[in-house]
Amino acid sequence: MSDLRDQAPGAAGEAAPYDALLLLSFGGPEGPDDVVPFLENVTRGRGIPKERLKEVGQHYFLFGGVSPINDQNRALLDALRQDFAENSLDLPVHWGNRNWAPYLTDTLREMARAGHRRVIVLTTSAYASYSGCRQYRENLADALAALEAEGIEPPRVDKLRHYFNHPGFVRPMIDGVLASLAELPEEVRAGAHLAFTTHSIPDASADTSGPAEEHGEGGAYVREHLDVARLIADAVRAETGVERPWELVYQSRSGAPHTPWLEPDICDHLETLHGKGVPAVVMVPIGFVSDHMEVLYDLDTEAAAKAAELGLPVVRSATVGADPRFAAAVRELVLERAAAERGQSVERCALGALGPSHDLCPVGCCPARAPRPAAAGADSPYA
């Protein structure tokens, strides 16, 4: 593994043919009155009663009905704009969400009316999966179709490749683990285990994640997370001199009980570790770009309460968020893709065993149950 400590991704360069960057995220409520309408957007088409949505929304109400994700996206926008300006990259940055304001269609409409014709898209999901990639591409296709229906010529959109193994994403998480270990009492620090967490998804969705040749046994979703976990664990060992046991575990399951989802759950894992006499645990949310609600509630509230019940010391390490190194990594990814679109040879930065991900999602990548048009892929109806 290459040295991660001083890598500074990116340099000033040419973004053409792209004339704008779109930050595309999930969205979240900004107050108590937004919670149920937001959840209605998220679950549209599933026929879930409003009373059930009120129950589901309780974890938002615990935090005043406000999801932290919107403020974190605003911070990331500021970081991207600052990095681009400092590196002479003249590329406007816009923001649209799947499920709450600013809505994706509204943002793309504004971008089209402002004259943007080639848009590169950054999603706040680093890994391959239906919900983390193709669903965003379907949302893009829906928005572009809506613009066409309004008589607006839609811009061409491309999506940045998966960045799970980019050093600008990995190194901040390594530093987060090192900082968390330092928070633990000295008497339990050396024996602390690392629990790498990500969002649980149905086994069937995991098995079909990534290109078709990577399907099966958790697919690209599990494979990519394991590679990142291994990178972080190896770096922590190299910098502390301590070999720490680690495992990839899951959180935030939301499906029907009879449907198999990825396991073990973080709370079950904490119970298992406590039963084995493990003295402490660092929870490392590698599956999340920022400290949004599923980190704030499922780890900082629910898992922390389980650990307190067990008498097990735990700390939770930081997500990447608006770290300047991540902003610099986005710049590098934009310049890399722009050069490739211009037909130039590019060196793609990636750590670990899997190498850089594809620029263009191939046919059959992360398929949906019911096929729907998806932009920014080999099967896109929008060339």
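Condition check: over 25 Å from Ala179 (Cβ atoms) and in a helix (DSSP H, G or I). Does Ala220 satisfy that?
For Ala220, the condition - over 25 Å from Ala179 (Cβ atoms) and in a helix (DSSP H, G or I) - is met.
List the residue pairs whose Cβ atoms are under 9 Å apart, where the first residue sits in segment 155-166 and is in contact (Cβ under 8 Å) with a residue 40 or more places away in the chain and within 17 Å of Ala340 (Cα to Cα), the second is acidic (Asp, Glu) and surrounded by fewer than 21 Cβ atoms within 10 Å (Cβ to Cβ), and the two are 6 or more positions apart or on different chains.
Asp158/Glu341; Asp158/Asp359; Lys159/Asp359; Leu160/Asp359; Arg161/Asp359
Matching residues to (1) of a type in the set (Val, Ile, Thr); (2) over 30 Å from Asp83 (Cβ atoms); (3) touching a Pro at 6+ places or on another chain (Cβ under 8 Å):
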| site | (1), (2), (3) |
| --- | --- |
| Leu296 | no, no, yes |
| Glu302 | no, yes, no |
| Ala305 | no, yes, no |
| Glu309 | no, yes, no |
| Val315 | yes, no, no |
| Phe326 | no, no, yes |
| Ala329 | no, no, yes |
| Gly343 | no, no, no |
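Is there any pair with a first residue in segment 360-382 that is within 14 Å of Tyr136 (Cβ to Cβ) and a second that is of a type in the set (Val, Ile, Thr) and in a loop (DSSP other than H, G, I, E, B) whose Cβ atoms are under 8 Å apart and which are 6 or more apart or on different chains, and what are they?
Taking only residues 6 or more apart or on different chains, the pairs are Cys366/Thr208; Gly377/Val363.
Here are some residues: Glu183, Glu150, Glu213. Which one is closer than 18 Å to Gly377 by Cβ and either touching a Phe, Trp or Tyr at 6+ places or on another chain (Cβ under 7 Å) or open to solvent by 10 Å² or more (accessible area, probe 1.4 Å) (or both)?
The conditions single out Glu213.
Just for segment 189-217: of the residues that are part of a helix (DSSP H, G or I) and in contact with a helix residue (DSSP H, G or I) (Cβ under 9 Å, 6 or more places away or on another chain), which one is nearest to Ala307 (Cα to Cα)?
Arg189
This table checks each residue for (1) assigned to a helix (DSSP H, G or I); (2) touching a helix residue (DSSP H, G or I) at 6+ places or on another chain (Cβ under 6 Å).
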| position | (1), (2) |
| --- | --- |
| Ala101 | no, no |
| Ala128 | no, yes |
| Arg137 | yes, no |
| Ala145 | yes, no |
| Glu153 | no, no |
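Which condition does Asp142 not pass, out of (1) over 28 Å from Thr107 (Cβ atoms); (2) touching a residue at least 24 places away in the same chain (Cβ under 8 Å); (3) more than 18 Å from the chain's Cα centre (by Cα), if it passes all the others?
That leaves (1) as the condition not met.
Quick one: which of Glu247, Glu271, Glu243, Glu347 is open to solvent by 20 Å² or more (accessible area, probe 1.4 Å), at pLDDT 95 or above, of a type in the set (Asp, Glu) and in a loop (DSSP other than H, G, I, E, B)? Break it down stepwise before answering.
Values: Glu247 fails: in a loop (DSSP other than H, G, I, E, B); Glu271 fails: in a loop (DSSP other than H, G, I, E, B); Glu347 fails: at pLDDT 95 or above.
Just one listed residue meets the conditions, Glu243.
The values are calculated or read from the model by the stated rules, or taken from the named source; none is laboratory data. The structure presented is a predicted model; accordingly, all values stated were derived computationally and were not measured. In this analysis, Cβ positions are derived from the backbone assuming ideal geometry, glycine residues included, and neighbour counts consider all displayed protein chains. What goes into the accessible areas is simple: the full protein's heavy atoms, side chains included, and nothing from ligands, DNA or RNA. Shrake-Rupley method; radii C 1.70, N 1.55, O 1.52, S 1.80 Å.
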